[in-house]
Amino acid sequence: MLDLLLRATDVLHPHHVKVGPDIHGGPYDLETYAREWTRISQAFGDAGTVIALEFMAFSNIPTVARAVELVRASGHPAGGLMMDMWHIWRGGAEQVEQIADVPLEPDHRRRGSTTAPPSPRWTAPTRRRCSGATSPGRARCRSRG
């Protein structure tokens, strides 16, 4: 599945790729998930994009706190969170309170990493959307109408 998504990324040049947790009742082990999150973050970072974890109340990553814990444990600059208010409200009032604990600045900057995640930017005259690159020559741009 990862190879298929990476091939699609090479063709579609997305700003980010959304990743969801297990919704079928599978076990959650922070160490295992962090290792895999790092692996796929690296793969998509190498492809010039980032991944966003969308936690879901009915999954094995049901809370803001658990999602933040996973992304922090991985520490990879190309992996982050997607905050979907529907999932937050569905998870209960304590979820709303947990939003205050979500870092607004990526952890990799506080750790002193020299590797920044790819970041989208708009080039002024042509309004072309360009995703940042993790290696020279990998930036991709699309015209925006």
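Nothing in this text is a laboratory measurement; each read-out follows from the coordinates by a stated rule. Values in this document were obtained by computation on a predicted structure and should not be read as measured data. Neighbour counts are summed over all protein chains in view; Cβ atoms, including those assigned to glycine, are modelled from backbone coordinates with ideal geometry.
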Worksheet item: Using a simple spin-label model with points 7 Å from Cα along the Cα→Cβ vector, what separation in nm is obtained for ASP10 and HIS24?
Response: 2.8 nm
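In nm², what is the average projected area of the convex hull enclosing the Cα atoms of the range 2-114?
Details: hull surface 29.6 nm².
That works out to 7.4 nm².
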